[in-house]
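Take a look at the structure below.
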Amino acid sequence: MQRLPEPELMVDPAQVLAYAAADFSGGDQRTLDRIEALLSSASGRAASDPAVILDLGCGPGNISLPLAKRFPESQVIGVDGSRAMLQVARDRANQQGLSIDLRCSTLQDLALEPVDLIVSNSLLHHLHEPGLLWGLTRELAAPGCRVLHRDLRRPAALAEVHRLQQLHCFDAPAVLIQDFCASLVAAFTPEEVQQQLALAELDGLTVEMEDDRYLVVSGLVD
Ligand SMILES: C[S@@+](CC[C@H](N)C(=O)[O-])C[C@H]1O[C@@H](n2cnc3c(N)ncnc32)[C@H](O)[C@@H]1O
């Protein structure tokens with residue numbers, strides 16, 4: 001099935017509200033568990049908490065907020081180009097008393113000092129030009145930076161999109177069902193991501209499939 005990109009930023013108020021209200025806790029926890037495993041994996045380096053953590057396309061803070069809670073000594077930076085999404089993240093951080101550095105910027109305009117851990121969850125499929133994520137990953141990685149990008153993967157056929165929607169997003173609000181299907185069609189296949197990594201010379205990153213609809217890119221950037 002051919003890829004059909006969707007808009008990059010999530011700025012429509014109904015879409016933002018529905019996304020922020022949805023329960024993604026199962027998938028979010030899998031991302032957090034993978035980050036934990038990555039940080040404690042034998043990498044030839046002494047495992048230590050990352051000083052600066054960057055969550056790209058942080059949205060309402062589903063991943064950045066738990067990271068700020070888990071790593072209170074780290075600087076957690078959440079970046080998103082959607083003001084509406086960041087406002088939800090800001091409100092939640094305040095409610096939970098969490099210190100987090102939330103920045104409204106597109107990835108295209110992002111300027112930061114190098115960081116020690118780069119993550120994203122459900123971001124890659126939004127990007128019209130995926131090389132943007134891999135270029136930033138390389139550019140913003142401090143030596144030994146660990147990386148974890150988790151996203152949907154594109155099914156082979158539209159029938160599979162509908163099967164996955166029936167299975168995982170059956171009784172969600174219409175706007176979320178629409179988003180879920182559009183996201184699957186906009187996503188990349190593991191093979192495409194392998195090619196993107198090769199092009200970006202990110203040899204320390206590997207791609208693996210997770211359950212019936214996700215892919216995970218993780219590893220070290222030296
Ligand atoms: C599906 S949401 C994921 C949010 C969050 N990471 C999570 O796990 O729930 C994708 C987010 O990426 C943001 N985004 C997409 N393209 C972007 C870009 N080029 N620059 C900055 N943010 C972007 C959108 O605005 C949206 O908030």
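The values are calculated or read from the model by the stated rules, or taken from the named source; none is laboratory data. The structure presented is a predicted model; accordingly, all values stated were derived computationally and were not measured. FYI the Cβ positions are ideal-geometry reconstructions off the backbone, even for glycines, and counts take in every protein chain you see. The protein model used for the area step is the full one, side chains on, heavy atoms only, and it has no ligands, DNA or RNA in it. Shrake-Rupley method; radii C 1.70, N 1.55, O 1.52, S 1.80 Å.
Along the positive direction of the dipole of the chain (beta-carbon charges: Lys, Arg +1; Asp, Glu -1; about the Cα centre), which of 81, 56, 24 reaches farthest?
24
To the nearest 20 debye, what is the magnitude of the charge dipole of the chain about its Cα centre, counting +1 on the Cβ of each Lys and Arg and -1 on the Cβ of each Asp and Glu?
Working: 17 positive and 31 negative charges, 55 e Å.
My answer is approximately 260 debye.
For segment 13-221, just say rounded, prolate or oblate: build the C-alpha gyration tensor, square-root its eigenvalues into a ≥ b ≥ c, call rounded for a/c under 1.5, and beyond that prolate if a/b exceeds b/c, oblate if not.
Working: a/c = 1.63, a/b = 1.17, b/c = 1.39.
Oblate shape, in that a/c is at least 1.5 and b/c is the bigger or equal ratio.
Could you go through segment 139-150 in sequence order and give the Karplus-derived ³J(HN,Hα) for each residue, using 6.51 cos²θ - 1.76 cosθ + 1.60 with θ = phi - 60°, rounded to whole Hz, and x for Gly and Pro?
Coupling constants for segment 139-150: 5, 9, 7, 6, x, x, 4, 9, 9, 9, 10, 10 Hz.
What residues qualify as long-range amide H neighbours of residue 189, i.e. H under 5 Å apart, gap of 5 or more or another chain, H built at 1.01 Å from N?
Here the answer is 154, since their amide H atoms fall under 5 Å of that of residue 189.
Could you tell me the calculated FRET efficiency between residue 166 and residue 195, based on Cβ-Cβ distance and R0 = 25 angstrom, to the nearest 0.05? Don't skip to the answer; put the middle values down first.
Values: r = 31 Å, r/R0 = 1.23.
Efficiency at R0 = 25 Å is approximately 0.20.
Each label point is 7 Å from the Cα along the Cα-to-Cβ direction; what then is the distance between the points at residue 176 and residue 128, in nm?
Those two pseudo-labels are separated by 2.9 nm.
Carbon-plus-sulfur fraction of the accessible area of the chain, 1.4 Å probe, in percent? Numbers along the way, then the final one.
Working: 5630 of 10480 Å².
Here carbon and sulfur together make up 54 percent of the probe-accessible area.
Full extension from residue 158 to residue 12: what is 0.36 nm times the residue separation minus their Cα-Cα distance, to one decimal in nm?
Values: separation 146, 0.36 × 146 = 52.56 nm, distance 2.54 nm.
Once the chain is fully extended between residue 158 and residue 12, it gains 50.0 nm.
Quote the relative contact order of segment 63-185 in percent (integer), defining contacts as alpha-carbon pairs under 8 Å separated by 6+ residues.
Relative contact order for segment 63-185 comes out at 20 percent.
May I ask you to derive the relative contact order of the chain, considering only C-alpha pairs under 8 Å and at least 6 residues apart, and to give it as an integer percent? Let's see the in-between values first.
On the way: 393 pairs, mean separation 50.0, N = 222.
That works out to 23 percent.
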